[in-house]
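Asker: Input: one structure, supplied below.
The values are calculated or read from the model by the stated rules, or taken from the named source; none is laboratory data. Quick caveat, the model's predicted, so the values are computed rather than measured. Counting neighbours? That spans all protein chains shown, and the Cβs are built from the backbone with ideal geometry, glycine included. For accessibility, only protein heavy atoms count, side chains too; no ligands or nucleic acids. Shrake-Rupley method; radii C 1.70, N 1.55, O 1.52, S 1.80 Å.
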Amino acid sequence: MTAKPADTEQEALRLTTVLQKEVESHGLVLEEVSVRPSGKQLLVQVLVDKADGTDSVILDELGEVTTTISNALDKDAKFASADPYELEVSSPGLSRPLSLNRHWVRAKNRMVKFTLSDGTKLRGRLTEVTDTEVVISVHHEPAKKGMKVKIDDPKTFALSDIRKAVVDPEINFDDALFENINNEDLEG
């Protein structure tokens, strides 16, 4: 196999078919396979995710599925005899677009940023998800520093009316955690 872009796209599609059942055998979903040149070798990137629920893929699961994928690639006649490759297996990060219903379910109770079909950009807390709709309490940034965020009552949005959405990570610091730090441990 050569490392031309058209060939790598075709190979990614072929490998998606090859790896689908291997990933599913671990109770995971194959999100995406990409193949691209990286120096003198190919980089094979595989994204896996949980099939349902709100839990994320844990490190042990990622290790097990990586071994299975690596073994499948080693046994694949076409790929095993191809150029050297590097394998990266991971789960989608927070920047993954919320494009499928299961992505929305995983984001339940989190803050999301989303753009409506008319171009309106909003941010809010996702509270409910159905097959066709989501319920979000929209948050409005305060006009001045020090003022409270205005939070609307939960509103239903049709998924078909949402053009783009991602999880908006929150960082909450708990000052009580600092009380448990032993200063002597920090000194050396």
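Asker: Where the accessible area of the chain is counted over protein heavy atoms with a 1.4 Å probe, how much of it, in %, is carbon and sulfur?
Answerer: 50 percent
Asker: Still on this structure, please answer the following. Apply the Karplus curve 6.51 cos²θ - 1.76 cosθ + 1.60, θ = phi - 60°, to the phi angles in the range 92-100 and return the couplings in whole Hz, x for Gly and Pro.
Answerer: With coefficients 6.51, -1.76 and 1.60, one gets x, x, 5, 7, 5, x, 7, 10, 10 Hz.
Asker: Here's something else I'd like to know. Charges at C-beta only: +1 for Lys and Arg, -1 for Asp and Glu. How large is the resulting dipole of the range 1-84 about its Cα centre, in Debye rounded to 20?
Answerer: I would put it at about 480 debye.
Asker: Which ³J(HN,Hα) values, rounded to whole Hz and listed in residue order, are derived for the range 10-21 from phi using the Karplus coefficients 6.51, -1.76 and 1.60 in 6.51 cos²θ - 1.76 cosθ + 1.60 with θ = phi - 60°, glycine and proline given as x?
Answerer: With the stated coefficients, the range 10-21 comes to 5, 5, 4, 5, 4, 5, 4, 5, 5, 8, 3, 5 Hz.
Asker: Taking the simple approach of a point 7 Å from Cα along Cα-to-Cβ for both LYS78 and GLU128, what is their distance in nm?
Answerer: Computed distance between label sites LYS78 and GLU128 equals 4.7 nm.
Asker: Another one. Please compute the modelled spin-label separation between THR67 and LEU94, points set 7 Å along Cα→Cβ, answer in nm with one decimal.
Answerer: The answer from the label model is 3.2 nm.
Asker: Using a 1.4 Å probe, what is the accessible area per residue for the range 97-152, in Å²?
Answerer: On a per-residue basis, 62 Å².
Asker: Taking every pair of Cα atoms in the range 57-167, average 1/r, invert it to obtain the Kirkwood radius, and report Rg/Rh to two decimals.
Answerer: Answer for the range 57-167: 1.18.
Asker: Given only helices, namely DSSP H runs of n ≥ 4 each adding -39500 (n - 2.57), what is the per-residue ellipticity at 222 nm of the chain, to the nearest 500 deg cm²/dmol?
Answerer: Rounded to the nearest 500, it is -8500 deg cm²/dmol.
Asker: Relative to the Cα centre, what is the charge dipole magnitude of the range 1-157, using +1 at the beta carbon of each Lys and Arg, -1 at the beta carbon of each Asp and Glu, and rounding to the nearest 20 debye?
Answerer: In debye, rounded to 20, the range 1-157 gives about 1000.
Asker: Testing the spin-label approximation: label points 7 Å from Cα along Cα→Cβ at ALA51 and ARG14. State their distance in nm.
Answerer: 2.8 nm
Asker: Using a/c under 1.5 as the rounded threshold, could you call the range 5-62 rounded, prolate or oblate? The axes a ≥ b ≥ c are square roots of the C-alpha gyration tensor eigenvalues, and prolate needs a/b larger than b/c, oblate otherwise.
Answerer: Prolate.
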